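Step one of this worksheet: look at the structure below.
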Amino acid sequence: MQQEILNPSAACVKHILICGTGLAAQMAVAAIARQVPAYMQITWLRAEGTQAHDVLYGGIATPAAYDFNLMAGVDEPTLILESNTAFAYGTHYRGWNGGRPDWVQAFQAPFPVWEGVLFYHYLLQRGLTDIGPWLVAAQAARHGVFAHPPEDQRHPLSAAEYGYQFEPAAYGALFERGLPKGITTLTGDIVRVERDGEAISSVELKDGRSLKADLYVDCTGPDARLAGPSGRNLTGGQGLRFMASRAPERPLGPPHRTVSAGRFGWTARTHVEGAALHLTIHAAADEDAALAAHGVAPAFAGAFATGWRAAAWSGNCVALGQAAGVAEPLTPAPFLLLQRDVERLVTLLPASLDMKVEQREFNRQFTEDYRNAFLFNQSLFVGEDRPAGTYWEAARAAPRDERLTQKIEQFESRGLHVAYDLEPFGQEDWIIQHFGMGRRAERYDRVADHTPRAAMDRHLDEMRQAIAAAVRTMPPHGAYRQNFANFLQQQSGALS
Amino acid sequence: TSIHLIQEGITELIQILPDRRFLESDRAEYNRRMALNFERVRDFLVLHYIATERTDTELWRYMRALALPESLEEKMAAWLTRGHLIRYEFGVFLPPSWVAVMLGQNLWPRGYDPRVDRLPEHELVAQAEAIRTGVQRAVAAAPDHAAYIKQSGAASMTAPHVAKAG
């Protein structure tokens, strides 16, 4: 017998309080406000001050950002015309492998399958150790050129995917434009969070105001003002320090972030229109060496610990972004996880004040996402020829997740990718990283032996040359961005 | 389901075909993949039985009293609370199959995703009606099953096709 459907207005969540000032809050407000029905009121509490820790999102967004941004009301023309955001084909890792060549961790469309075999097995079959020449995004990144992938699937560039390089303040501001009406925005400092058992009953502000809601969303960063730092149970933690700054740069740099290893840790350069963003991550003991490598006077500096909460959603409070977990911005993991946190909450907006089902499912997905993303980061420390130093010793000494052991073991055994459900980083990401890290597969997919060798040699060579030829025709990143912006401006002028 | 599991086993074995060393890592990965497959198929199959109101035979009484796997309990709780389907990447049954079995077993959600309330009810009704009408038209236009097989070149309506020896 069909059960009675709840009246939508009975015992449902009617008021969501989102606390935070930086990127996490901006993205959460924009996304959630566009999804909730009219009877759900949103209040956004912004704290005073800056969000220095937003630099720890790394300044690089994966291709997944495109769809997220559309959901949150930011389209690509807005991104390009109203911020200094630039394009990204991936990350260039330098000096990561001792004497081995560096590599571009490129964003890549699904690998082609030839005669029933994933194409990279033909590289393994031939003992080839560099996948880069067969990745159009990697080649374009190295040459500092960019163009949008064409729709024609026969064009080599159609296999490239791209993301963005961004400056947190400028990128976050985009989400505040065109926010739906009806959001109450307040500014104030939280002095106390009143609790009733596991649930939050109110948020007390410095000026005496008391805010009450049905659902509290903590986007306050690593301090986790609502979810509570004292209740944290970070897993996989590592204490590190960061310094960040920006320096003028013209013309626009390449369409990739560069991560360079040093004894102290690593430095990153991210390129946005008009500036290069410097980020250095280091062990506390190596501050001087880190400062020297950083290259410019730091505008921000601080400490952070990596790891994630045992439960991001507890009672009526859900933590997003760095309030939930902090990943080292060595890969796009931090920003990708923030996006997934927001998307996850949007799909699990509570149907009633009893949020246990949503809480359980959110935490299950959250734990899987963070655990799997951390595998991708941790994998960058597994292998020979890593630099010596406090930072590297600590990274190597961290307990290794058994899933990572299986992934590396199977790749090195037979070139096989071990996958878990809905991982943040997919097969292509992992295979490119394995090649880049110098991992060698002892075996390969033997079905590849069915294809006549000479024919496949020609096919591989044709692919490599087609990519090289396509890259030679592409414009410099800066010129492309400028021309694209001009085109968009003309389009918006023609439409107005 | 059985045929799928055979196919899955063959596909995984081809992917993880061992060499003479019979590495433990190969065994472990094959077993992990197949165990996941079996667990998810198990949940789907058990779901066909557990919402029953029947008590007329030992089978049905057994099913009513069955302790459910935690994974299935979570799926059902999410569905019954808000019509939410817990999704996985690896598993043969896609969300529409789960919806069909849940509703077919009379497991109706008590609540729903609040995002639905963004749409005016008349729009929801119109869209649902359009889907229903589209399905009815497509079904009405589809040929009879037996006729379709025959026109597709079935050898015979009566005699089974037996490969000739030699």
Legend entry - Estimated [θ] at 222 nm from DSSP helical runs (n ≥ 4, -39500 (n - 2.57)) normalised by residues in chain A, nearest 500: -10000 deg cm²/dmol
Legend entry - Pairwise centroid distance, computed over Cα atoms, of segment A:288-320 with segment B:8-50, Å: 40 Å
Inset, instruction - Measure off 7 Å from each Cα along the Cα-to-Cβ vector at A:HIS143 and A:ALA299, then give the distance between these two points in nanometres to one decimal. - result: 3.3 nm
Legend entry - For the pair A and B, total buried accessible area rounded to nearest 100 Å², probe 1.4 Å: 3300 Å²
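Give me the net charge of B:ARG33's neighbourhood, meaning all other residues with Cβ under 9 Å from the Cβ of B:ARG33; Lys, Arg count +1, Asp, Glu -1.
Overall, the nearby charge balance is -2.
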Inset, instruction - Could you let me know the centre-to-centre spacing of segment A:47-96 and segment A:142-183, using Cα atoms, in angstrom? - result: 8 Å
Legend entry - Positive minus negative residues near A:GLY415 (Lys, Arg vs Asp, Glu; Cβ under 10 Å): +1
Inset, instruction - Estimate the FRET efficiency between A:ALA247 and B:GLU73 by the formula 1/(1 + (r/R0)^6), using the beta-carbon distance for r and 51 Å for R0, to the nearest 0.05. - result: 0.35
Legend entry - Relative contact order (%) - criterion: Cα under 8 Å, at least six apart; region: segment A:86-222: 19 percent
Inset, instruction - Can you check what the net charge comes to around A:ALA290, using other residues whose Cβ is under 12 Å from the Cβ of A:ALA290 (Lys, Arg +1; Asp, Glu -1)? - result: -1
Legend entry - Burial of 30 Å² or greater, segment B:109-130 residues [accessible area, probe 1.4 Å, versus chain by itself]: B:ARG110, B:TYR112, B:PRO114, B:ARG115, B:ASP117, B:ARG118
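Ignoring ligands, DNA and RNA, what percent of the accessible area of the protein assembly as shown is carbon or sulfur (1.4 Å)? Present the calculation step by step, with values, prior to reporting the outcome.
Working: 16820 of 30780 Å².
That fraction is 55 percent.
What trypsin sites (Lys or Arg not before Pro) does segment A:436-496 have in DSSP loop regions with at most 14 other beta carbons within 10 Å?
Working: sites: A:ARG439, A:ARG440, A:ARG443, A:ARG446, A:ARG453, A:ARG458, A:ARG464, A:ARG472, A:ARG481; in loops: A:ARG439, A:ARG440, A:ARG443.
Passing sites in segment A:436-496 are A:ARG440.
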Legend entry - Relative contact order (%) - segment A:366-473, alpha-carbon pairs under 8 angstrom, separation at least six: 26 percent
Inset, instruction - Take the alpha carbon atoms of segment A:355-426, find their center, do the same for segment B:76-119, and report the distance between the two centers in whole angstrom. - result: 30 Å
Inset, instruction - Report relative contact order for segment A:112-183 in percent, whole number only (criteria: Cα-Cα under 8 Å, sequence separation at least 6). - result: 18 percent
Inset, instruction - Report the chymotrypsin sites (Phe, Trp or Tyr not before Pro) located in segment B:1-56 that are in a DSSP loop and have at most 10 other Cβ atoms inside 10 Å of their Cβ, or state none. - result: B:PHE22
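The values are calculated or read from the model by the stated rules, or taken from the named source; none is laboratory data. Please read all numbers here as calculations on a predicted model, not as lab measurements. Neighbour counts run over all protein chains shown; Cβ positions are idealised from the backbone, glycine included. All accessible areas refer to the heavy atoms of the entire protein, side chains included, with ligands and DNA or RNA removed. Shrake-Rupley method; radii C 1.70, N 1.55, O 1.52, S 1.80 Å.
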